[in-house]
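Worksheet: the structure to be examined is printed underneath.
The values are calculated or read from the model by the stated rules, or taken from the named source; none is laboratory data. Model, not experiment: these values are computed from the prediction. For neighbour counting, all protein chains shown are included, and Cβ atoms are generated from backbone atoms with ideal geometry for every residue, glycine included. Just the protein is used for accessible areas: all its heavy atoms, side chains included, with ligands, DNA and RNA removed. Shrake-Rupley method; radii C 1.70, N 1.55, O 1.52, S 1.80 Å.
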Amino acid sequence: MKQHSVLLATASLLSSLAGFAQTPNGPTSDEVIALEKFAVTANRTLQPLADIPQRVELIAGDVLAETQTNTISDLLKKNASVDVIQYPSGLSGVGLRGFRPDYSGVSQHVLVLVDGHPTGATGLGSMSALNVERIEVLKGPASSLYGSSAMGGVINIITKKSSGPLSGFAQAGYGSFGTYEGLISMGGGNPDQLDFDTAFRTYTRTDDYRMGNGADWTNTRFENYSGTLRLGRNLGEHWRLDLDTAAFLSRDVENPGGLTYGDTNWSYADWDQWSANLRLTGKLGDHTPQLTLHRSLERYKNYEQPEDAPAFLYYIRDTNWAGLSVQDSWQIVPAFQAIGGFDYQLIKQDYLSYSTTGSGARVAPSSPNDSQDVYGVFLETVTKLFDDRLIFNAGARYDEIELETRPTPYATTLTPRSSSFDTFNPRAGIVYRVTHDLRLHSTIGSAFIAPTSSQTAGYYDKVVGKQRQVTRGNLGLKPESSDTWDVGIGYDRSWLAVDLTYFHTTVDDKIESVYLTNTPAYRESTYVNASTALQTGVEAQLDLDFSSLVAADSGTWLLNFSATKMIDREQTLAAGTSVIRNVADFKFNTGLTWHHGPWRARISARYVRGMWDNDYSPTLAYTNGKGGIFEYPSFIVCDAFVSRKFGTRHEVSLSVQNLFDRFYYEKNDYPMPGLSFFGRYRFSF
């Protein structure tokens, strides 16, 4: 009953806004410049945002440019309603709709793509933030299109594609904690011959950062180097070929360990990620075919730093991704479109471990080498009726997945094994336009996340102290699955967009580690499908151009607001029911932007309340020595940005992060930086 009351109240509010928009005192469509919004993530082809039943948050390029950061995770958490786990070392991940953020691994609850293809990264910390044109955040299940990992949603990072006269910029910046940046970016060309985009960046912090409590935190320095190159050419009138490459190289990235450990538990890493993607697109009558090949390699090298001994290489993890995608968008009649295709993906992980004595001797890794083969076919349809007032989306995907543990040097107790499963995931959605500006939308669908090869076919055998510890995979392990439905109401005009959506998700067969035996001498564990979860909540979004209300030109004053309020976020484990960790009860992002002549300015805020986590600190400092779970202190963090152009070529800017010097963390015991400043000079050509 409460849900229906909220929707009715919102409908009344939006109807009132519609009435206001028609009065002489409110902006009219003739007074502003309409910016049509499109998204490609919702059904793997470009569609008007107002025709999409799913909730999609768009982070536009100008907002990204006004966000001071070198990481994808910062771009997301500061501009979209997401949950975050983030460490000073760069390890980070985001969650959507009540799913706990995953910061590492090849099977996660939110799928991250670049231009619609897999990133080839195990976390956001190894991804380049260069040449990003916009980011689309699709909320809700998308396994019917993308397969595994798209349970909470999909984040699609869209990169720049330039043509025409050569243009670009060179940029240099310096700021707090000895942070400096060098960046050059350019693009252009003739599409019938060759067009391109390229960028190179170095971003380094040479000093330890200061936290919001005024104390410096040692071992928080890093060096990042990144580059991108895109080459494209039209092949006749109807075909086009694009090659995209990217590299992200991190050197001496320090991980201080938890704050309560002091300076005795730190390490550092070198973290590299390379990727290449070749895409052929065409136009054959009513068909738009597309072929994509992708290849990537991520290498993570971890070094331990003992308190009174030289650092040593502890382990190396290589993750190889390769795959192809074939799809076609067929506009059968003006009112009916079908998008179908085939995806293949191979993921291999290899591990090397070294003795903790620092001798450099190889030892058995804690995880076996493994691989994952994925074959998927999908079909999505879009039907538009009654002059586009009623829009139906329906689709499904079938996946076959094979998981395998492979021979692993020095792992003498490992017997390579394999397991396989198949899964079918449908989805449907509807948009109904009550008026041209007021619309109702709803979706229903299922999703899944594949277990890892180690969870199904792995075997670990090691001795810790006087206890032998054995972990066996479970060949009968099923994928985690979810069912979601949502319903929402939206109002869209050229100067105003409002949306309110309620979502309801149930999760089954959640994977949990359980002990089969646990004695002082011997412990044996395995993985089982033992838990469930319920995740419900309300999402709200507002985008407002109120320039004409203050007698300014369109686009001068912009306000955006995005929020999520969780109603249920509980999981049922073997030990009982508990709150889902690292998912906020309530969070919002808001930003106020001013553009006037050569000036640009933006102030933004992010609020998080009701986040729970386990107390793993050595003295159980966060639970007064009791242990267990505890609630994070709520926080609001504000940032500011201002820039001025001098002529057409010169621009200076200043960014202020954590404006009020708040002491806060995105992961328990790992505080984020306090107040900081960063100045830039840009020369455009």
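Over all directions, what mean area does the Cα convex hull of segment 634-679 project, stated in square nanometres?
On the way: hull surface 15.4 nm².
It is 3.9 nm².
Can you give the Kirkwood hydrodynamic radius for segment 150-308, in Å, rounded to one decimal and based on Cα pairs?
Details: mean 1/r = 0.0525 Å⁻¹.
That comes to 19.1 Å for segment 150-308.
If you wrap a convex hull around the alpha carbons of segment 159-202, what volume per residue comes out, as a whole number of Å³?
Numbers: hull volume 2.7 nm³, N = 44.
Cα-based convex hull of segment 159-202, divided per residue, equals 62 Å³.
Could you compute the net charge surrounding SER684? Neighbours are other residues with a C-beta less than 13 Å from the C-beta of SER684; K and R count +1, D and E count -1.
Numbers: positive: LYS645, ARG649, ARG680, ARG682; negative: GLU651.
With Lys, Arg at +1 and Asp, Glu at -1, the net is +3.
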Phi angles of segment 257-270, converted by Karplus (6.51 cos²θ - 1.76 cosθ + 1.60, θ = phi - 60°) into ³J(HN,Hα) in whole Hz with x for Gly and Pro, give x, x, 4, 6, 7, x, 9, 9, 9, 10, 8, 8, 9, 10
Working note, segment 102-196: Cα radius of gyration (Å, one decimal) and Dmax (Å, whole number) are 17.0, 47
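With the Cα gyration tensor of segment 300-339 giving a ≥ b ≥ c as the square roots of its eigenvalues, does the rule (a/c under 1.5 for rounded; else a/b larger than b/c for prolate; else oblate) give rounded, prolate or oblate?
Taking the square roots of the gyration eigenvalues as a ≥ b ≥ c, segment 300-339 is prolate.
Can you list which of the chymotrypsin sites (Phe, Trp or Tyr not before Pro) found in segment 195-249 are DSSP loop residues with at most 16 other C-beta atoms within 10 Å?
Working: sites: PHE196, PHE200, TYR203, TYR209, TRP217, PHE222, TYR225, TRP239, PHE248; in loops: none.
Taking segment 195-249 and a limit of 16 other Cβ atoms within 10 Å, no loop chymotrypsin sites (Phe, Trp or Tyr not before Pro) are found.
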Shape call for segment 572-685, from the Cα gyration tensor axes a ≥ b ≥ c (a/c under 1.5 means rounded, otherwise prolate when a/b beats b/c, else oblate), comes out prolate
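Would you work out what percent of the accessible area of segment 246-325, with all protein chains in place, is carbon or sulfur (probe 1.4 Å)?
Numbers: 1930 of 3560 Å².
Using a 1.4 Å probe with all protein chains present, segment 246-325 comes out at 54 percent carbon and sulfur.
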For segment 487-625, the Cα-Cα pair-distance distribution in 10 Å bins from 0, as whole percents, is 10, 24, 25, 18, 13, 8, 3, 1
To the nearest Å², the heavy-atom accessible area per residue of the chain with 1.4 Å probe amounts to 42
Computed ³J(HN,Hα) along segment 586-602: with the Karplus parameters 6.51/-1.76/1.60, θ = phi - 60°, integer Hz and x for glycine or proline, the list is 8, 8, 8, 10, 8, x, 10, 10, 10, 10, 8, x, x, 9, 9, 8, 8
The percentage of the accessible area of segment 93-171 (probe 1.4 Å, all protein chains present) made up of carbon and sulfur atoms, to the nearest whole number, is 53
Rounded to the nearest 10, the angle in degrees between the Cα long axis of helix 2-21 and the longest principal axis of the Cα atoms of the chain comes to 40
The whole-number value in µm²/s of the Stokes-Einstein translational diffusion coefficient for segment 353-470, with Rh from the Kirkwood sum over alpha carbon pairs at 25 °C and 0.890 mPa s, is 132
Where a ≥ b ≥ c are root eigenvalues of the Cα gyration tensor, a/c under 1.5 meaning rounded, otherwise prolate if a/b exceeds b/c and oblate otherwise, segment 45-155 counts as oblate
Between the alpha carbon centres of segment 318-362 and segment 145-213 the gap in Å comes to 23
Given backbone amide H placed at 1.01 Å from N, residues whose amide H is under 5 Å from that of SER267, ignoring those fewer than 5 places away on the same chain, are ASN255, GLY257
Going residue by residue through segment 127-144, the Karplus relation 6.51 cos²θ - 1.76 cosθ + 1.60 with θ = phi - 60° gives ³J(HN,Hα) values, rounded to whole Hz and with x marking Gly or Pro, of 10, 6, 9, 7, 6, 8, 8, 6, 10, 9, 10, 8, 9, x, x, 9, 5, 5
Packing-ranked peptide list from 440-447, 180-187, highest mean Cβ count within 10 angstrom first, is 440-447, 180-187
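In square nanometres, what is the average projected area of the Cα convex hull of the chain? Don't jump to the answer; show the numbers that get you there.
Values: hull surface 122.7 nm².
Value for the chain: 30.7 nm².
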